[in-house]
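The values are calculated or read from the model by the stated rules, or taken from the named source; none is laboratory data. Small disclaimer: the values here were computed from a predicted structure and weren't measured. Cβ placement follows ideal geometry from the backbone for every residue including glycine, while neighbour counts extend to all protein chains displayed.
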Amino acid sequence: MSETEFLIGRSGLDLQDDFYPDDLPNEWRFDYYSTLFKALSLPIDTDEDLDQIFEEIEDTEEEFELVLFVEKAQLTDIKQLTSLLSNVSDYKQEFTLFCEIEQTPSDETMNLLDGYRVCFQSNKVLKLDLKHKSAVGQNLYFNELPVFYTSEVWNEKQIRTYLEDAASINTRTVLICKFAESEVLNKVRIIAELLGY
């Protein structure tokens, strides 16, 4: 039996379709979004109010995964990474730090990330002292939850193929569809449910 469960979301709260009610205040977007979707990715240096988002995640009974992503340049610049992490270190168990990488991070970087929930995605096989799973042409290296991050825009057949392949890692998994609008996210969620994930 499959242990796969997808927590589906997108990158950023700026949905362009008619997802949010017209009169919804900006600061309520996360609360509204999180009632329908179970994951969200934001840049670690986001303009969103992270303190408010962390408080809402802590206050809810619902399962929700926040993914804060760093760019490769931020990950390899120890001074910059230290500064970025200092802004979120009080919440280190409330999010997964994510980065797409092409080479193994330095020991200095990995030491800095000690105690954080992390996931790296790479199209290369790397040597990292983390759990490793491969699917959909990607290698995931993580210590808590794997995170698939895709900027593809799919039709329904492609969604099903992607989900079936990603499900082969057989664990709870965050799936971030970077540019998806609410209609596509709903399709991904429904197809995942129909497939039993």
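Sub-8 Å Cβ pairs linking a first residue in the range 1-18 that is modelled with pLDDT under 95 to a second residue that is among the small types (Gly, Ala, Ser) and exposed (fewer than 14 other Cβ atoms within 10 Å of the Cβ), at least 6 apart or interchain, are Ser2/Gly196, ordered by first then second residue.
Considering the conditions (1) assigned to a loop (DSSP other than H, G, I, E, B); (2) over 24 Å from Gly9 (Cα atoms), Lys79 is excluded by exactly one of them, (1).
Restricting attention to the range 93-113, the residues being modelled with pLDDT under 95 and surrounded by fewer than 16 Cβ atoms within 10 Å (Cβ to Cβ) number 1. Exactly one residue out of Thr76, Thr104 is in contact (Cβ under 8 Å) with a residue 12 or more places away in the chain, in contact with a Pro (Cβ under 9 Å, 6 or more places away or on another chain) and of a type in the set (Ser, Thr, Tyr), and it is Thr76.
Among the residues of the range 57-74, the one identified as in contact with a helix residue (DSSP H, G or I) (Cβ under 6 Å, 6 or more places away or on another chain) and part of a helix (DSSP H, G or I) is Gln74. Annotation note: Cβ proximity below 7 Å between a residue of the range 141-155 that is touching a residue at least 12 places away in the same chain (Cβ under 8 Å) and within 19 Å of Lys124 (Cβ to Cβ) and a residue that is among the hydroxyl-bearing types (Ser, Thr, Tyr) and surrounded by fewer than 22 Cβ atoms within 10 Å (Cβ to Cβ) (sequence gap 6+ or interchain) occurs for Pro146/Thr171.
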